[in-house]
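Asker: Dropping a structure here in C-alpha cells format, bear with me for questions.
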Amino acid sequence: MLTVDIKKNLSDFTLNISFAAPNKTIVLFGPSGCGKTTILRCIAGLLKPDEGSITSNGTVFYSSQTATHLPPRVRNVSYMFQDFALFPHMNVKHNIWYGVKTLNHQANQLYEKLITLLKIEHLPHRTISQLSGGEKQRVAMARALMAEPQILLLDEPLSALDAQSRYELQDELKRLQEIWNIPFILVTHSPEEAQAIGSEVLFLHRGQQVSEPPPSWNMNGNGKTTRSSFQYFY
Amino acid sequence: MVEWQPVILSIKVASISVMFVFFLGVLSAYVMRSTDIPGKAALESFFTLPLVLPPVVIGFLLLILVGKQGPVGILLKEYFDIQIIFTQSAAVLAGTVVSFPLMYQSTKAAFEGIDKTLEDAARTLGASEWRVFWTVTMPLSWPGLVSGLVLSFARTLGEFGATIMIAGNIPGKTQTIPLAIYFATESNDLVTAGMYVIIISVITFSIIFGLNHWKGKNITLH
C-alpha cells in the first residue's frame, strides 16, 4: 500500500494531494499541466515535495516532519516515462537488465517470463532505434518490471502509440498488474485509457483532487459525448 | 636543418596535457552541472579565461605562480624538491591551462545535450550517481568529449606564448615545434622553419580531418 499526502508549490498553483494506492491500477486523470507528472516524480524521488509524507509498505520515502527524503535508487519504484527513456546506446537486452541488482537464476527466470509475456523474445539484440513505438513500450515495461519494483509509475504510457497497439497494450497492462499485484499509478489525459485500465480514478484540477470529472471525461476521441460514467470506478 | 626532437616533444607534451585536460574538463563540467554553488557564473567565466586572454598573459600569470619566487613554486621546491620552471613539465602545464577551456566547453555542451530523463530513468532503476555517470552520462557524451580532446590536443600542439614564458626555449629539452619555427625564422633559417610549418600543419590537419571523418561516420550510424 502506497500513501501519498503532499504539498508542493508550483509556478501557477499549489499541488495538494492525498491518496492511498492499494495493489491496483490507480489513474491520475486531468488536463495537461495539472500536476500529474509532478506527483509521479515526487513518488519516485526525482522531485522533493515541500510538505507532507509518502510511505510505501511501512517505508517512509519522504516526510517533511522527520526531514526524510530517500534517493530514487533505494525506493524500489520503477518509472515508465512518457517517451520510454530507453538507453539509446544499449541494446534491448542490456536495457532490460539495467535495473537488476543480483544476477542469478531467479533473475534469468524473470527475464524469460517477461520477454515471453510481453512478446519481445525476438528483440533482445536489437538497438533501440530499430524498435517501433509499441515495441519500445513493451521493452520499457520489461525493464521497469525486471527491477522487481514495489510500485510502478506510468506516465502516459500509451500516448505515443497508434490505436491498434494502444488497445493491445491496455489489456496487457491490466494483465501485468494482476500478475505482479503491486500498485500501478498511471497518469493520463485520455478518458478512454483511464476507463480501460484504471481500477480507481482520481480527477485532478490545478494540483487538487476534485470529485467531478472535467468535461473532457465524457468525450470520446472524436470530441463527442459518450455514455460512460465515472461512477463505475468508485 | 630539421631536428625531430621538437616534433616528438610537441606530441609528447600535447599527449600528456590532454590527459590532464580530459580529467579536469570532465570533472569541472560535471561539478558545475550537478551543483548549485554560489558564484557559479563567476567561476564559469574564470574557466573560459584562458581562451580569451593572450597566451603570453597566461604564461606571465603562471610564471608568477610557479616561478622560483612564486607561491606554488616555493611550495613544490620545499616539500617535493621539484622545480617546474624551464622544464617539460612547464610546457605540459602551459598546454593544459590554455587548452582547458576547449575541453570544458565541449564537455559542458555534451552534458547539456543529454536527455536528463535517461539519467532519471537510471536512478529509478536503482543506479547510484556513480553508475549513472559511467553507464549513461559518459557514453552518451562521448562524441562531444572526443571533439574536446582533439581540439585540446591541436591547441596544445600549437601553443607558443605561455610555453615560452614558463618553459623557455631550450633546444633538446623544452623546444616544441612552434618555438623551433620562431627561432629558426629569427636566425633567418627559413627552410627549417618552413619544414616545421609543413610538419605541424600536416599533423593538425590529419587530426581535424580524422575527427570530422569519425563524427560523420558516427552520425550516419545513429
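The values are calculated or read from the model by the stated rules, or taken from the named source; none is laboratory data. Values in this document were obtained by computation on a predicted structure and should not be read as measured data. Reconstructed Cβ throughout: ideal geometry from the backbone, glycine too, with neighbour counts over all protein chains shown.
Asker: For region B:163-222, which positions are surrounded by fewer than 11 Cβ atoms within 10 Å (Cβ to Cβ) and either of a type in the set (D, E, K, R) or in contact (Cβ under 8 Å) with a residue 24 or more places away in the chain (or both)?
Answerer: B:GLY172, B:GLU186, B:LYS217
Asker: Scan region B:37-58 and give yes if some residue there is free of Cβ contacts under 8 Å to residues at least 24 places away in the same chain, part of a loop (DSSP other than H, G, I, E, B) and of a type in the set (A, V, I, L, M), otherwise no.
Answerer: Scanning region B:37-58, I find at least one residue that is free of Cβ contacts under 8 Å to residues at least 24 places away in the same chain, part of a loop (DSSP other than H, G, I, E, B) and of a type in the set (A, V, I, L, M), so the answer is yes.
Asker: If you don't mind, there's one more thing I want to ask. If you scan region B:169-221, which residues turn out to be among the aliphatic types (A, V, I, L, M) and in contact with a Pro (Cβ under 6 Å, 6 or more places away or on another chain)?
Answerer: Taking region B:169-221 as the starting set, the residues that turn out to be among the aliphatic types (A, V, I, L, M) are B:170, B:177, B:179-181, B:184, B:190-191, B:193, B:195, B:197-200, B:202-203, B:207-208, B:211, B:219, B:221.
Within region B:169-221, B:ILE177, B:ALA180 meet the criteria.
Asker: Sticking with this one: Condition check: facing another protein chain (nearest Cβ under 10 Å) and assigned to a helix (DSSP H, G or I). Does B:THR135 satisfy that? Working first, answer last.
Answerer: Details: facing another protein chain (nearest Cβ under 10 Å): yes; assigned to a helix (DSSP H, G or I): yes.
Judged against the criteria, B:THR135 is a match.
Asker: Then there is this: If we keep just the residues of region A:117-136 that are at pLDDT 90 or above and of a type in the set (Ser, Thr, Tyr), which is surrounded by the fewest Cβ atoms within 10 Å (Cβ to Cβ)?
Answerer: A:SER129
Residue by residue, here is whether (1) at pLDDT below 80; (2) surrounded by 14 or more Cβ atoms within 10 Å (Cβ to Cβ) holds:
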| residue | (1), (2) |
| --- | --- |
| A:PHE184 | no, yes |
| A:HIS189 | no, yes |
| A:ALA196 | no, yes |
| A:ARG206 | no, yes |
| A:GLN209 | no, yes |
| A:ASN218 | yes, yes |
| A:PHE230 | yes, yes |
| A:TYR234 | yes, no |
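Asker: Could you list all residues from region A:163-175 that are surrounded by fewer than 20 Cβ atoms within 10 Å (Cβ to Cβ) and either under 21 Å from B:ASP120 (Cβ atoms) or free of Cβ contacts under 8 Å to residues at least 60 places away in the same chain (or both)?
Answerer: In the first step, residues of region A:163-175 are kept if they are surrounded by fewer than 20 Cβ atoms within 10 Å (Cβ to Cβ); the result is A:163-165, A:167-168, A:170-172, A:174-175.
Selection gives A:ALA163, A:GLN164, A:SER165, A:TYR167, A:GLU168, A:GLN170, A:ASP171, A:GLU172, A:ARG175.
Asker: Also: Could you please give the count of residues in region A:137-162 that are surrounded by fewer than 23 Cβ atoms within 10 Å (Cβ to Cβ), closer than 20 Å to A:ILE26 by Cα and more than 14 Å from chain B (Cβ to nearest Cβ)?
Answerer: 1
Asker: Hey, another quick one. Restricting attention to region B:84-100, does a residue exist that is out of contact with any helix residue (DSSP H, G or I) (no Cβ under 7 Å at 6 or more places or on another chain) and of a type in the set (Gly, Ala, Ser)? Can you show your working first?
Answerer: At the first step, the residues of region B:84-100 found to be out of contact with any helix residue (DSSP H, G or I) (no Cβ under 7 Å at 6 or more places or on another chain) are B:86-87, B:89.
Next, only the ones that are of a type in the set (Gly, Ala, Ser) stay: B:89.
The answer is yes; a qualifying residue exists.
Asker: Quick one: B:LEU145 ticks every box in (1) within 14 Å of chain A (Cβ to nearest Cβ); (2) farther than 30 Å from B:GLN5 by Cα; (3) of a type outside the set (Val, Ile, Thr) bar one, so which box is it?
Answerer: Unmet condition: (2).
Asker: Considering each residue of region B:91-132, count those that are at the interface with chain A (Cβ under 9 Å from one of its Cβ atoms) and not in a helix (DSSP H, G or I), and give that number.
Answerer: The total comes to 5.
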